[in-house]
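Taking it in order: structure first as C-alpha cells, then the write-up.
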Amino acid sequence: MTLNAFLFQILNGLSSASGLFLIAAGLSLIFGVTRIVNLAHGSLYMLGTYIAYTFATKIGGVTGFWGGIIATALIVGLLGALIEIVLLRRIYRAPELFQLLATFALVLVINDAALWLWGPADLLGPRAPGFRGAVEILGRRLPTYDLFLIVIGPLVLLALHLTLTRTRFGRLIRAATQDREMVGALGVNQAVLFTSVFALGAALAGLGGALQIAREPANLATDLIALGDAFVVVVVGGMGSIPGAYLAAVIIAEVRALCVGIGTVDFGFVTINFSKFTLVAEFLVMAIVLIVRPFGLLGKAQGAVRSIAEPEEPIRPATPMLKALGVVVLVGLLCLPLLAQGSPYLLVLGIDVLIAVIFATSLHFIMGPGGMHSFGHAAYFGLGAYGAALLVKWLALPMGVALIAAPLLALCGALLFGWFAVRLSGVYLAMLTLAFAQIVWAAVFQWEGFTGGSNGVIGVWPPAPFDKSWAYFLLTLVLAVAAVLLLRRFLFAPFGYAMRAGRDSPLRAEAIGIDVKRVHWLAFGVAGLVCGIGGGLFAFAKGSISPETIHINRSIDGLVMVLLGGVQTLTGPIAGASVFAVLHDTVMRQTEYWRALMGAIILLLVLTFPQGIVGAFASLWRKAGGRL
Amino acid sequence: MSVLELRGLTKSFGGVHAVRDVSFSIGKGEFLAMIGPNGAGKSTCFNMINGQLAPDSGEILVEGRNIAGLAPRDIWRLGVGRTFQVAATFGSMTVIENVQVALISHARETYRLWRPAASHHRARALELLAQVNMQDAADRPSRELAYGDVKRVELAIALANDPKLLLMDEPTAGMGAGERHGLIELVKRLVVERGISVLFTEHSMDVVFAFADRIIVLARGRLIADGNAATIRDNAQVREVYFGTGKTFAGAAP
Amino acid sequence: MLSVDKLSAWYGAAQILFDLSFEVGRGEVVALMGRNGAGKSTTMKAIMGLIAQRQGRIIFNDDDISKCEPYQIARRGLGFTPEDRRIFSDLTVTENLDIGRQPPRQFLDGQPAPLWTPERLFKLFPNLAEMPDRPGGRMSGGEQQMLTVARTLMGNPLLVLLDEPSEGVAPLIVEQMANTIIELKKEGLSILLSEQNIHFAELVSDRVYVLEKGQIQWHGAMTELASNPDIQRRYLTV
C-alpha cells in the first residue's frame, strides 16, 4: 500500500467513525443514567435507516432526504421515549440482567416489525442532495458526502460535551449516573430525566442510522451488527465517557479501514487476506485495550453501583420434596422413548432440551454463583461442537473420542479467555467475553479450508446404536444428568463457597486468603468444560454444524434461559432452558414472525416474573409457608 | 521484636502526600489507637499494612519480615487479620458458613470439589461464634443480621486464622454508645486472652481514651504525637487539629 | 410543621418501624435517638419516600405526603441529608450545589423561607469556599459532610432531615456541625436530627424521641433526657 493510499484509507475511516460514534454515544448516555445496557440500541439504529429511506424515497428531493433525516431522529427519539415509558419504567427495580432480557425481547420484536413493514430485501437510499459529487484527494476521488460525515462526528461530540458540562440538564445526567435516588431526593423528577435521556440516546442512534442511507443499504441484519459495534466502541472508549466514545470510534473505524486497505498480502509461506479480518481486528483491539486499561481508554473505575436487587438466599441442600421431584422428572424422561414411538419429533425436541440444559447450567455456574456475566458462552459450545465435528471429518475418529475431546478443547478455550476475563468485572467482563466469542466465530467463519467456512461441517452422524434417536436421547440424558449433578456438587463444596465469597465481596474474600481471580478463572474453565460436552452432543445430534453454532444469538439465548429460570436459584437454569428450548422449537414452526412472538413471550415473562420462573415459584412457596 | 513495625512509610497520590515518613511499632498484646482528622492518611496507612496499597517507600515489618507490597491474601497468611470500616458479611451465606469459608481457606482447602463445605470445621466455627456471642444465630442468613451483630461475625471471621495482629478500621463506626463499649470490651478481652496485638482507627474518643494502651495521632500524613491517653489529651497540637474544645465527647475535657 | 402518624415500614418481609407517631414544630430542632438498628435512618427514609413499603400518614405543611414520590416531597420543602452523604463524586463542589438548587419557598403564613445561594453557603462553610472546583470524590469525610448539608440547603427547605451528621467525622468537624445547626435554627428552619452522640444532641436539640426496635420508647425535652441517666442507660447504652 502506498502512502497516498494509506492516507486515503485514514479519511475513509474517519467518515465511518461518525456513524459509530453516534450510536455508541447514545448507548453510553443511556447506560450511564438508567444503568440499562440497551440491547435494542442497534435496532433503533436500524429503524433509523429504514425510516430515513422511506422519507427519502417517498417524499424525495432535498426535503425528503435532509428533512427526512431530522424527522427520523425525532421519530426514533419519540419511539425511545415510548419504550422507556411503557416498558423500562416498570423494570428499573429488577435485577440488571433482567433488563437486558427485556431489551433483547425488543430486538426480536423490532426486527420482525421491520420485516413486516419493509420486507426482507436490502433497500438502498438515494444519494444525498447537495453532496452527490466527489473531490479529488491524494489522487483518488472521495465522495463529498464522506467529507460531510467526517465533520458531523466532532460537531455532535462538541454539542454533547457542552450540554453535559454547561447545562443543568447535563449536570443532572452526570449526577444521576452516580446516584439517581439521591437526585430524586433533591427534588428532581427522575421519571422525566430518564425518559428524556432515553429519548436523546435513541435520537442519536436514529440520526446515526439515517445518515448511513446514502452509503449503505438498509438491511435486517444491521441491528445486531450495529449493536456489536456500539458495544466495542463504548467499552474501548470507557463506559460513560463521550469523548472516549469518539476516540474509540475513530480507532475502530481506522483499524477496519486499514485492514480493507491492506488487502491480500503474500508473506511467502502464507497468504493472508486482511480485508477478511476486519471483525477479528476490531475485537482484538477491544481485547487488548481492556487488558491494558480495564475501564476503557478514557473510562474510570466504576464505583459500587447501588444494588437494588433483592439479595440472595443461602443455598441449602435439596429437600426431600425437591429430590422426589427430580426423581419423577428423571423417570419421566427415561420413559420418553416409549411415549415417543408415534412421534419421533418428541425425541428430537427432548435432545434439544437436554443440550440446552447443559448449556444453560454451565453458564449459570459462572453467572450466578460466580457473578461473571458471560456474553460469549457460545464460544465454548462452538469449540466443543467444532472440535468433535472436525475430528470426525479430518481424522475419522470414533464418536467416543470426539465426545471426550470436545469438552477438553472447550476447557482450553475457556482457560485462555477466562484468564483475561476474570481481571475485569461487570459490563466490561461481559463485553470481553463477547469479544472472544466473536473472534472464535470470525476465525471459524473465515478459515474456510479447515472449518468449511459458512457452509460448516456436514456428515457428522453418530455410529450404531446411537443412530437411533432413542439411543442418542438416552446418551444425552445420562451426560446431562451427570453434568448437572457434578456442577451442583461443586457449588456445595469449598470451591463453590470460595466462588460465592469472591462474588459477594472480593475485598473480603482476599482478606481471608482466597485468591479470587484464580478461583473464578478455574470456575470459568469448569463451565467451559461442561459446555463443551453440550457442544459435542449438539454436533452429532444435528449431523452438521455451521458458524451459527457460535453466533452471538446463541450466547444471548443462553442468557435468556438462565434469566428465565432465575439466576439466584440452582434449579432455575434447568427450568429456564427447558421452557426456552420448547418455546423456541414450537414457536419457530408456527409462524414466519417467530422472533416477534418469542419477544412478546419474553416480555410477558419479564413483566410477570421479575425473579425468573423458579425464583417466582420459590417466593410464592415461601409466602405460603413452605420450604424448598 | 515488635509484632509490627513501620519504618519511614510514604505514599503519595498524584503529587499529594497522603502519608509521609511515618514510623511506629506495636508490641505483643498492645492495643494501639490511631487517630487524626478526616483525610489525615489513616486509611492510606491502614491499606498499606493490609496490602491493598503498595507504599512508595518505607518498610512494613511483621515480626521482622518486610511485607510491603505483598497481596492482602499473602499478608493474611502471615497472621494479620482485619475488619472493615463498613462491616459486611458474605451475604449469600449463613452466619456459620461465613466463618467456615475462612477456616477452609486457613486450612488450604479452598480448591476441594467434593465434600460439602457445610461439613468442614463446623465445630471450630461454632467455637469462634461462641466467643463473640453469636452461636445462636449460626444458621441464620447473615444478611438478616443487625449491624452490631455483623460486626461481631466479622470479628469471628478475623479470628479464624489465629492472627497475631488484628487491624481494625473504625471498629465501632455506625454503632451506638453502649454497643461501642460492648464490642471493644470483647476485643480487649480477646487481646488479653490470646496475646493478639491490635491496631485500630477510631473517631469515638470515649472508646479511645477508655481502652487504648497507647495512641498515635496522624495529621496531614505525618505522625504528630505518640503516647498514652494523658499525654495525647494535653498535647496542644492535637487539640488544635483534632479535638477542638472537646464539648462533643466525654472524657477529653481537661 | 411535620406530623407523623402511625408510620410503619418494611424491608422485604421484615418490619422495621411500628406505628411511629411524632411531630416537629416550626423552628424546632428535634432529635431521634437510639441505638444502631433502632430505626432512625429508616424513619428518615420513610418520610422522604425512599422506602417503597410504608404505611401511615405523614403530614407536612398541612399536606399529606405519604403517597408522594421523593422528588415531590423535596419540592414541598423537605430537605434530606443521608448518613452516608452520597456526594456526587465526579461533580465539583459548585456542581453538587447546583444539583440541589430549587426555587425560593414560603412558609404557610407567607413568610419567605431562608434563601440560599452558593455565596451564602460558602460563608456558612468557609472550608467549601476554598475548593469550589474540587470534585466531591477528592474531599475528606468532614468536607463531604458539609457539602451534603450545603447541597440540601440549596433547595431552600423549610425543614431538614439530618441523618447522623456527627457519624465518622473528627471531633473538630462535629463541633462545626453543631454550630451550623444552631445557625440554621436561628434562620427559622426546623430540623429533625437522628443521632447517637448524646453530647452532640444535647448541644443542639430542643426535644427528643428515643427509638428502640422501631418504636418510640420515650419522648420529652432534651434537658430532661440529659439529666436522666436512667433512660440514657436503658435506651442509649447496652
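Worth a mention:
- Residue in region A:467-478 that is at positive phi, modelled with pLDDT of 90 or more and more than 27 Å from the chain's Cα centre (by Cα) present: no
- Answer residue from region B:155-174, given it is away from chain C (no Cβ under 14 Å) and either part of a loop (DSSP other than H, G, I, E, B) or free of Cβ contacts under 8 Å to residues at least 40 places away in the same chain (or both) and is surrounded by the fewest Cβ atoms within 10 Å (Cβ to Cβ) among those: B:D162
Every residue, every condition in (1) within 13 Å of C:A150 (Cβ to Cβ); (2) of a type in the set (G, A, S), yes or no:
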position: C:D64; (1), (2): no, no
position: C:C68; (1), (2): no, no
position: C:T81; (1), (2): yes, no
position: C:G100; (1), (2): yes, yes
position: C:Q111; (1), (2): no, no
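- Residue that is closer than 12 Å to C:V30 by Cα and either among the aliphatic types (A, V, I, L, M) or in a helix (DSSP H, G or I) (or both), where the choices are C:V160, C:V169: C:V160
- Applying a threshold of 7 Å to beta carbon distances and a minimum spacing of six or more residues, or different chains, the list of pairs starting in region B:97-125 at a residue that is exposed (fewer than 15 other Cβ atoms within 10 Å of the Cβ) and ending at one that is in a helix (DSSP H, G or I) and small (G, A, S) is empty.
- Helices (runs of 4 or more DSSP H) fully within region C:1-109 that include at least 3 residues being out of contact with any Gly (no Cβ under 8 Å at 6 or more places or on another chain): C:40-47, C:93-99.
For (1) in contact with a helix residue (DSSP H, G or I) (Cβ under 6 Å, 6 or more places away or on another chain); (2) at pLDDT below 95; (3) surrounded by fewer than 21 Cβ atoms within 10 Å (Cβ to Cβ), each residue gets a yes or a no:
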position	(1), (2), (3)
C:M1	no, yes, no
C:G34	yes, yes, no
C:E69	no, yes, yes
C:R86	yes, yes, no
C:L97	yes, no, no
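- Filter result for the condition that a residue is in a strand (DSSP E or B), farther than 27 Å from A:A509 by Cβ, touching a residue at least 60 places away in the same chain (Cβ under 8 Å) and in contact with a Ser or Thr (Cβ under 7 Å, 6 or more places away or on another chain), over B:R20, B:R7: B:R20
- Region C:75-84 - residue that is modelled with pLDDT of 90 or more and out of contact with any Leu (no Cβ under 6 Å at 6 or more places or on another chain) and, of those, nearest to the other protein chains (Cβ to nearest Cβ): C:R75
- Residue in region B:169-179 that is in contact with a strand residue (DSSP E or B) (Cβ under 9 Å, 6 or more places away or on another chain), over 26 Å from A:S505 (Cα atoms) and not aliphatic (A, V, I, L, M) present: no
- Exactly one residue out of B:E202, B:E185 is within 11 Å of chain C (Cβ to nearest Cβ) and either in contact with a helix residue (DSSP H, G or I) (Cβ under 7 Å, 6 or more places away or on another chain) or among the β-branched types (V, I, T) (or both): that is B:E202.
- Residues of region C:147-166 that turn out to be more than 13 Å from the chain's Cα centre (by Cα) and within 14 Å of chain B (Cβ to nearest Cβ), as a count: 1
- Residue selected from region A:379-401 under the condition aliphatic (A, V, I, L, M) and touching a Phe, Trp or Tyr at 6+ places or on another chain (Cβ under 8 Å), by the criterion surrounded by the most Cβ atoms within 10 Å (Cβ to Cβ): A:A385
- Filtering region A:530-566 to residues that are part of a helix (DSSP H, G or I), under 21 Å from the mean Cα position of the chain (by Cα) and more than 29 Å from A:A221 (Cβ to Cβ) leaves A:V530, A:G565.
- Meets criteria (in contact with a Gly (Cβ under 9 Å, 6 or more places away or on another chain) and touching a residue at least 40 places away in the same chain (Cβ under 8 Å)) for B:V86: yes
Conditions (1) in contact (Cβ under 8 Å) with a residue 24 or more places away in the chain; (2) farther than 22 Å from A:L186 by Cα; (3) surrounded by fewer than 23 Cβ atoms within 10 Å (Cβ to Cβ); (4) within 14 Å of chain B (Cβ to nearest Cβ), marked per residue:
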{"position": "C:A14", "(1), (2), (3), (4)": "no, yes, yes, yes"}
{"position": "C:S21", "(1), (2), (3), (4)": "yes, yes, yes, no"}
{"position": "C:I51", "(1), (2), (3), (4)": "yes, no, yes, no"}
{"position": "C:R57", "(1), (2), (3), (4)": "yes, no, yes, no"}
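- Residues of region A:416-457 satisfying the condition of being part of a helix (DSSP H, G or I), under 22 Å from A:G238 (Cβ atoms) and of a type in the set (S, T, N, Q): A:T433, A:Q438
- Complete set of residues in region B:62-113 that are over 17 Å from B:L199 (Cα atoms), part of a strand (DSSP E or B) and more than 7 Å from every other protein chain (Cβ to nearest Cβ): B:R65, B:N66
- Selection count, region C:207-238, where residues are within 14 Å of chain B (Cβ to nearest Cβ) and surrounded by 13 or more Cβ atoms within 10 Å (Cβ to Cβ): 15
The values are calculated or read from the model by the stated rules, or taken from the named source; none is laboratory data. In this text the structure is predicted, and so the values were computed from the model without any measurement. Note: ideal-geometry Cβ built from the backbone for every residue, glycine included; neighbour counts use all protein chains shown.
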